[in-house]
Amino acid sequence: MANCQSIAPKNSGGGGDVFSLNRTTAHITRRANFKQIAPGFVAKKTVMNRIRTVIDGNTAVDRYRRCAFEGSQRVTAAILSEQYRADVSSPDDSVELDLTNNDHVKNRFWRQDNIRFNKAVRTDSKNGTLSKHGKWAMRFSRWAHHANGITELGAAPTGMTQKCIKIMSNPKFDDKTERGHWRIFGSLFAVFTTVTLTGKFLSETLGRMGTWASASLQKDASFLAASFSTIAAAASLFSLAFAGCSAIAAAKAPLDKRLVDSIQGNKSKHIERLYLILNDAKNKPTAQTLLMKAMKRGVGKDYRLSDKTPILLHRLMSDVKAADSHTVAIQAMEKTIGSYLTEVDPTGCTTGELLDPKTSNSELLRRENHLVALTNLIEHSAIDGNKDAIFRDTRNSIERGFEKLHEGAPEKRLGCKLLKFIGANKIAERAALKASPEYLEMKEARRKNPLFAHKYYRSAQNILDKSHQYGPVTVYLTRAAEFCRVVNHSILLSFNYQLTRPIAWLSGRITEGALKIPNSRCTSFSIGRFLSSATWAVVEVLVFMSLARGDGIGFNGREADTAVKFPLHIPVGTVSIPISIISTAAQMLVVAVPALIFMGAAKIALEIEGWKGNVERSTQNLHKRRQVMEGWS
């Protein structure tokens, strides 16, 4: 059972994908805030580990995948709830639900989260089989997606530039290693130059366009327009406008037979995968505990049993345990989900007593969110990892262009050609060998083989993952270097993103609380990007840029009155290096220096303290407050 796989139907919501039970259980373990510490054992994550996970967040493509998966799951919830209502209204007859004319299913299907990355809708649109309104709904939604890609460019120009440099050098190289820290440090100089020159070009170009305005007004306006944050805010506004147009067109779009077949296939896929995971966990108490802990964060106390198990999970697990065949279990699960989504009592004790869709919108939406909390553990980007082109935005397309330069035979890649051009033929041959797929596969296999553990004991990743094999000073210094790297990449480099997240979360809560409709992740994040980018653009202009010009805060006085000198001058012997605080790359360079120092000191400490060998972690050596239990299998 551990290797069960289920292939998604053709033209499913986000493209074909392969389901892996092993990867699903590993993901559920992570979502439950546990990690494997020894063969057969898991331990609760440390507070620092959980904080880091929250700070890191996810990438834009991960968000796109999650939008697509959740959008599809909500359509499944609508189908099962409507089918249950139809069965209750006609208990003696078998009711064939007409999905093409069902308002609830249509509303869930034409949501932005579902259609923006829906391959079935896009295929029908290209083939000309989609209705006129459906075609425009899809078209506007894709334009919103590409506008959002420009938002990502404006919100993180430094991050994209650094990512492209990483792709061109060696995309498989781990940033946590000592050489990874050196590469980050070196690339920041190139990033600083690129972003600064781009901003200067925009400022000079846009500053000469307004010949009708006074010279001072031209410069102030060009500062504002040239701000990357302003570009991000404007693109977010366009994305929201296109999404609104898409929603208007979608309200008049029908569900044709081809689309109905697609969503029915997705429904079968969701239930089948849910069955696979529950059937694997039904005789494993620890697995059931991990499932409960992973799901309960999305379920309120009133919808959990005394042992904190969500009622929905308990009912579905009971169905799987009681069923004597796969078919019977699937049918029982579909009925249970329909009952949970529609009946007054979530425990199923009020058969036939259904919630009124007109007066109980909040309760119905709350139950639907509980189902999504469960299915998200199974149908998640970390599992499916779909790389379909439908998820790419403007920024991803640019990165993909750099990736193509690095593809093909290693000796024909741009980096190797440049090395050969300058006469470094041996270095080029060695670089080509280390970049070949065969070498990378061999290296990964050797890293996992205990016989080669002594070859990788100096690796920073090995020190972080297997800290029990090293001395305390080595571990602390390596963690300090990793902390600096996380600050660089997840805070300084992602400041706009970190500011966006709470706004997007609040937007989602307002949508569900006030409008009584499911939160659209696409729309909420665009709202968050707009408000955060607009706020940061105003701060840049009225504070940083104003101070840099010597006009005080908000252009209200001379620099001498603020006691702040821009750019900052760092004395290095007899010279003084000007550093602009506006530059993200400059800020990151300041943090990258101690990261390199900590990593170098960790290597020295490793030579002094030594390596204890490839020993397994003992559960007795863990902190007494860390919960330890057997793993899933």
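Might you let me know whether region 74-95 holds any residue that is open to solvent by 30 Å² or more (accessible area, probe 1.4 Å) and in contact with a strand residue (DSSP E or B) (Cβ under 8 Å, 6 or more places away or on another chain)? Taking every residue of region 74-95 in turn, at least one turns out to be open to solvent by 30 Å² or more (accessible area, probe 1.4 Å) and in contact with a strand residue (DSSP E or B) (Cβ under 8 Å, 6 or more places away or on another chain).
Within region 502-518, residues that are among the β-branched types (Val, Ile, Thr) have Cβ atoms under 7 Å from residues that are open to solvent by 70 Å² or more (accessible area, probe 1.4 Å) in these pairs: ILE503/LEU531; THR511/ILE517, counting only partners at least 6 apart in sequence or on another chain.
For the residues ARG122, ARG142, ARG108, the requirement of being among the charged types (D, E, K, R), assigned to a helix (DSSP H, G or I), open to solvent by 60 Å² or more (accessible area, probe 1.4 Å) and modelled with pLDDT of 70 or more singles out ARG122. A count restricted to region 293-324 and to residues that are in contact (Cβ under 8 Å) with a residue 60 or more places away in the chain and of a type in the set (A, V, I, L, M) stands at 5. Go through region 508-533 and give me each residue that's farther than 20 Å from GLY149 by Cα and either of a type in the set (S, T, N, Q) or assigned to a helix (DSSP H, G or I) (or both). Selection gives GLY508, ARG509, ILE510, THR511, GLU512, GLY513, ALA514, ASN519. Residue count for region 374-394, restricted to those that are at pLDDT 80 or above, surrounded by 21 or more Cβ atoms within 10 Å (Cβ to Cβ) and hydrophobic (A, V, I, L, M, F, W, C): 4.
Scanning region 609-625 for residues that are exposed (fewer than 10 other Cβ atoms within 10 Å of the Cβ) and either assigned to a helix (DSSP H, G or I) or modelled with pLDDT of 90 or more (or both) returns GLN620, ASN621. GLN83 meets the conditions (1) assigned to a helix (DSSP H, G or I); (2) of a type in the set (S, T, N, Q); (3) modelled with pLDDT under 90 in every case but one. The failed one is (3). Screening MET48 on (1) at pLDDT 75 or above; (2) outside any helix (DSSP H, G or I); (3) open to solvent by 50 Å² or more (accessible area, probe 1.4 Å); (4) of a type outside the set (Asp, Glu) shows it passes everything except condition (2). Which residues, counting only those in region 475-531, are open to solvent by less than 70 Å² (accessible area, probe 1.4 Å) and touching a Cys at 6+ places or on another chain (Cβ under 9 Å)? SER520, CYS522, PHE525, listed by residue number.
Could you check how many residues of region 453-474 are β-branched (Val, Ile, Thr) and open to solvent by less than 40 Å² (accessible area, probe 1.4 Å)?
2
Across region 245-298, the qualifying residues are those that are under 26 Å from the mean Cα position of the chain (by Cα) and basic (Lys, Arg), and the one among them that is surrounded by the fewest Cβ atoms within 10 Å (Cβ to Cβ) is ARG297.
Residues are listed down the side, and each one gets a yes or a no for (1) touching a Cys at 6+ places or on another chain (Cβ under 8 Å); (2) open to solvent by less than 40 Å² (accessible area, probe 1.4 Å); (3) at pLDDT 75 or above; (4) assigned to a helix (DSSP H, G or I):
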position: GLU368; (1), (2), (3), (4): no, yes, yes, yes
position: GLU403; (1), (2), (3), (4): no, no, no, yes
position: GLU411; (1), (2), (3), (4): no, no, no, yes
position: LEU433; (1), (2), (3), (4): no, no, no, yes
position: LEU451; (1), (2), (3), (4): no, no, yes, yes
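Do the conditions hold for LEU240, that is, is it open to solvent by less than 20 Å² (accessible area, probe 1.4 Å) and not small (Gly, Ala, Ser)? Here the answer is no, as LEU240 does not meet what is asked. Selection of region 49-95 for residues being touching a Lys or Arg at 6+ places or on another chain (Cβ under 8 Å), of a type in the set (S, T, N, Q) and touching a residue at least 40 places away in the same chain (Cβ under 8 Å) yields ASN58, THR76.
The values are calculated or read from the model by the stated rules, or taken from the named source; none is laboratory data. Owing to the predicted nature of the structure, the values given are computational and were not obtained by experimental measurement. We place every Cβ from the backbone using ideal geometry, glycine too, and count neighbours over all the protein chains shown. Note: areas computed on protein heavy atoms with side chains; ligands, DNA, RNA excluded. Shrake-Rupley method; radii C 1.70, N 1.55, O 1.52, S 1.80 Å.
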